[in-house]
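A short worksheet on the structure shown next.
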Amino acid sequence: MSFTSHMQAALAEARAAALRGEVPVGAVLVSPEGAVVARAGNRTRELSDPTAHAEILAIRAACAALGTERLTGHDLYVTLEPCPMCAAAISFARIRRLYYGAADPKSGGTAHGARVFAHPQCHHVPEVYDGIGAADSERLLKGFFDQKR
């Protein structure tokens, strides 16, 4: 099976989040066969829920659709480096691979900050690929925050 990036779908979710006034982060969960199982954008403001990050919502939707609490063999595409909360959820869900776009030196939890996957208490570490669609992700985030200022 050849590699197919699903980052464009994650970027579409991020753009939709921005239109709702949310920080533009999108996530797409893909089955081992390459089918999109779930997709989501941030909804923290809309749902009045600080845990309603794109990654969490996509994981919840995929688990509900599949009737399982683990997503072994599944891959997650997200436009921004996951925060520590999302990184922990990715580990708990046993996601196989994490692909993310923009780095997040301020609030990231994988390559920056808490570096959740580097802790000995982390029972599952996904393969991590960064910089996938980074320029598009960064442009979207920068444009969103420029409009807020």
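In region 76-103, what residues are under 21 Å from Gly41 (Cβ atoms) and open to solvent by 10 Å² or more (accessible area, probe 1.4 Å)?
Leu80, Cys83, Pro84, Met85, Ala88, Ala89, Arg97, Tyr99, Ala103
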Check your understanding: List, please: which pairs have Cβ atoms under 9 Å, are six or more places apart or on different chains, and start with a residue in region 124-137 that is closer than 8 Å to Ala102 by Cα and end with one that is open to solvent by 60 Å² or more (accessible area, probe 1.4 Å)?
Key -> Gly133/Gln8
Point to revise | Selection from region 109-149 of residues that are in contact with a strand residue (DSSP E or B) (Cβ under 9 Å, 6 or more places away or on another chain) and in a loop (DSSP other than H, G, I, E, B) | key: Thr110, Ala111, His124, Pro126, Gly131, Ile132, Gly133
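Pull up region 113-149, narrow it to residues that are polar (S, T, N, Q) and more than 18 Å from the chain's Cα centre (by Cα), then point me to the one that is most open to solvent (accessible area, probe 1.4 Å).
Per the criteria, the residue is Gln147.
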Exercise for review: Any residue in region 33-61 that's on the phi > 0 side of the Ramachandran plot: show its pairings with residues that are part of a loop (DSSP other than H, G, I, E, B) at Cβ separation under 9 Å, as long as the two are six or more apart or on different chains.
Suggested key: Gly34/Met1; Gly34/Thr4; Gly34/His6
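The values are calculated or read from the model by the stated rules, or taken from the named source; none is laboratory data. Note that the structure is predicted; figures quoted are calculated from it, not measured. All Cβ positions, glycine included, derive from the backbone under ideal geometry; neighbour counts span all protein chains shown. For the accessible areas, the whole protein counts, side chains as well, though only heavy atoms, and no ligand, DNA or RNA atoms are used. Shrake-Rupley method; radii C 1.70, N 1.55, O 1.52, S 1.80 Å.
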